[in-house]
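Okay, structure first, notes after.
The values are calculated or read from the model by the stated rules, or taken from the named source; none is laboratory data. Computed from a prediction, not measured in an experiment: that's the story for all the values here. Quick reminder, even Gly has a Cβ in these numbers, built from the backbone with ideal geometry, and neighbours come from all protein chains shown.
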Amino acid sequence: MNELKKIAILGSTGSIGKQALDLCRRHPDRYRVTALTARASKETLFEQVREFRPEAAGLTEGIRPEDIPEDLRFCRFLSGKEALHAAAAEVEADMVLVSIVGIAGLSGVMDALEAGRQVLLANKEALVTGGHLVTDLARKKGKPLLPVDSEHSAIFQCLQAAGPNPAERILLTASGGPFRTWDRERILKATPEEALKHPNWNMGAKITIDSASMFNKGLEIMEARWLFDMPEDRIQVVIHPESIVHSGIVFRDGAVLAQLGQPDMRVPIGYAMSFPERLETGVPAPDLFSLGKLTFEQPDEAKFPALRLARASLRAGGAACTVFNGANEAAVAAFLRKEIPFGEIACRVERALEKLAGLKADSIEDIWEADRRSRLVG
Ligand SMILES: NC(=O)c1ccc[n+]([C@@H]2O[C@H](COP(=O)([O-])OP(=O)(O)OC[C@H]3O[C@@H](n4cnc5c(N)ncnc54)[C@H](OP(=O)(O)O)[C@@H]3O)[C@@H](O)[C@H]2O)c1
């Protein structure tokens with residue numbers, strides 16, 4: 001008989017949040033959902049509350065008491081920052097899945113760690129912007145972060161299998177996105193419709209655009225640096241268009257350990273939820289015979305400047321990674337509103353890094369300030 005675990009989900013109405021709830025639905029004997037939050041997706045949140053009956057639920061953009069349906073009055077509804085704080089730190093939970101998109105995830109992660117909760121981390125921006133603060137707190141509380149991002153879950157799984165043997169290098173795989181085979185001129189003029197067509201993964205809009213520009217891989221280099229305490233020059237990006245090898249590690253004897261699986265986030269979400277065990281996820285293993293072959297390529301940094309900018313930001317230290325992230329978030333939003341061309345996203349990030357070089361990131365307040373300023377650079 002499995003122990004019933006209480007789980008709070010921050011960002012339950014998003015792509016990761018819904019897939020985590022799918023696993024909770026499959027395993028009612030293992031998981032009890034105690035809190036759910038979203039930004040503004042009221043109707044979806046109401047449906048989730050009706051099905052999973054959490055103690056608390058909230059919308060960061062606010063909810064009026066008169067909007068709460070009669071049959072959901074058993075649940076405590078919260079608004080604004082208080083919703084995130086309550087779900088992360090006040091409502092009873094053994095684990096908190098942070099699947100919010102953007103820097104908004106940072107406070108949720110810090111609150112959950114401060115309260116001594118096990119954090120399952122999908123939100124990469126918390127580590128990108130506040131990596132040193134988050135990992136210090138996790139260490140202090142004796143609650144190592146459990147990665148949900150598929151590449152980082154793969155590396156984590158390989159490290160578990162490696163036992164005491166350290167990794168010399170990380171191989172961070174990337175599908176290459178929808179523009180991998182396009183020439184540079186065509187990429188610069190790509191439309192939101194084209195950038196939102198990811199070849200392998202079905203994800204939220206922001207991360208899908210980031211996959212097309214490879215900013216997602218830049219963010220993931222930063223995430224890996226903090227999760228695995230690995231310098232950026234020992235994190236190698238490998239383009240792997242089939243998205244079957246989710247990442248790997250290299251040992252000093254020349255051996256490589258990698259994790260394979262279908263491109264389906266329920267596997268890494270399930271691994272974080274059930275660690276150190278494994279959960280039945282409903283995802284079949286890849287059929288190697290029908291796959292036939294797997295291919296690997298060097299990333300093209302001339303076509304995708306995000307990787308170069310990400311590495312430069314890590315080397316610069318201070319708030320450079322926060323600036324990289326904030327300027328990119330603002331530029332992606334402008335691109336989705338069709339205000340700027342695709343090629344302008346990287347240009348804006350580069351300008352923000354030049355202009356705001358040297359900002360510090362010693363506290364959460366410094367990070368918010370660097371984030372705010374990075375979004376203003378046009
Ligand atoms: N999707 C994937 O396959 C995948 C894979 C690896 C890593 N990740 C990472 O996981 C995180 C979530 O990605 P996603 O694709 O699931 O995103 P998504 O589908 O856009 O969902 C984001 C969730 O966060 C909520 N949210 C958005 N802005 C917020 C804010 N300012 N404050 C509080 N809540 C907010 C959204 O609520 P509303 O619905 O109300 O807007 C929604 O519940 C990202 O950091 C992403 O990089 C995702």
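Which residues, taken from segment 104-118, are aliphatic (A, V, I, L, M) and more than 13 Å from the ligand (Cβ to nearest atom)?
110, 112, 113, 115
How many residues does segment 281-293 hold that are in contact (Cβ under 8 Å) with a residue 12 or more places away in the chain and farther than 20 Å from residue 156 by Cβ?
Selection size over segment 281-293: 3.
Residues of segment 51-65 being closer than 20 Å to residue 273 by Cβ and either basic (Lys, Arg) or within 9 Å of the ligand (Cβ to nearest atom) (or both), which ones?
Passing the criteria: only 53.
Among the residues of segment 119-129, how many are more than 15 Å from residue 367 (Cβ to Cβ) and more than 8 Å from the ligand (Cβ to nearest atom)?
3
Any idea which of (1) outside any strand (DSSP E or B); (2) at pLDDT 95 or above; (3) surrounded by fewer than 21 Cβ atoms within 10 Å (Cβ to Cβ) is the one residue 200 doesn't satisfy?
(2) is the only condition that residue 200 fails.
Would you pick out the residues in segment 245-271 that are touching a helix residue (DSSP H, G or I) at 6+ places or on another chain (Cβ under 7 Å), within 16 Å of the ligand (Cβ to nearest atom) and more than 16 Å from residue 220 (Cβ to Cβ)?
If the condition is that a residue be touching a helix residue (DSSP H, G or I) at 6+ places or on another chain (Cβ under 7 Å), within 16 Å of the ligand (Cβ to nearest atom) and more than 16 Å from residue 220 (Cβ to Cβ), then 261, 266, 269, 270, 271 are the ones that fit.
Failed condition for residue 92, given (1) within 12 Å of the ligand (Cβ to nearest atom); (2) part of a loop (DSSP other than H, G, I, E, B), with all others met?
With respect to (1) within 12 Å of the ligand (Cβ to nearest atom); (2) part of a loop (DSSP other than H, G, I, E, B), residue 92 is out only on (1).
When the residues of segment 195-217 are narrowed to those that are under 16 Å from residue 125 (Cβ atoms) and touching a strand residue (DSSP E or B) at 6+ places or on another chain (Cβ under 9 Å), which ends up nearest to the ligand (Cβ to nearest atom)?
216
Any idea how many residues of segment 338-378 are assigned to a helix (DSSP H, G or I), within 23 Å of the chain's Cα centre (by Cα) and crowded, with 16+ Cβ neighbours inside 10 Å?
15
Going through segment 40-80 one residue at a time, which ones are assigned to a strand (DSSP E or B), touching a Phe, Trp or Tyr at 6+ places or on another chain (Cβ under 9 Å) and not small (Gly, Ala, Ser)?
59 - this is the single residue of segment 40-80 that is assigned to a strand (DSSP E or B), touching a Phe, Trp or Tyr at 6+ places or on another chain (Cβ under 9 Å) and not small (Gly, Ala, Ser).
Return yes when residue 295 is surrounded by fewer than 19 Cβ atoms within 10 Å (Cβ to Cβ) and among the hydroxyl-bearing types (Ser, Thr, Tyr) and no when it is not.
So residue 295 fits the description; yes.
Matching residues to (1) under 24 Å from residue 124 (Cα atoms); (2) within 12 Å of the ligand (Cβ to nearest atom); (3) surrounded by fewer than 16 Cβ atoms within 10 Å (Cβ to Cβ):
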| residue | (1), (2), (3) |
| --- | --- |
| 27 | no, no, no |
| 43 | no, yes, yes |
| 49 | no, no, no |
| 67 | no, no, yes |
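Of these, 8, 20, 86, which one is in a helix (DSSP H, G or I) and more than 12 Å from the ligand (Cβ to nearest atom)?
Only one candidate qualifies: 86.
Looking at segment 122-142 only, could you name the residues that are aliphatic (A, V, I, L, M) and free of Cβ contacts under 8 Å to residues at least 60 places away in the same chain?
126, 137, 138
Residue under question is residue 72, and the condition is that it be out of contact with any His (no Cβ under 7 Å at 6 or more places or on another chain) and either surrounded by 20 or more Cβ atoms within 10 Å (Cβ to Cβ) or small (Gly, Ala, Ser) (or both); does it hold?
No, not satisfied.
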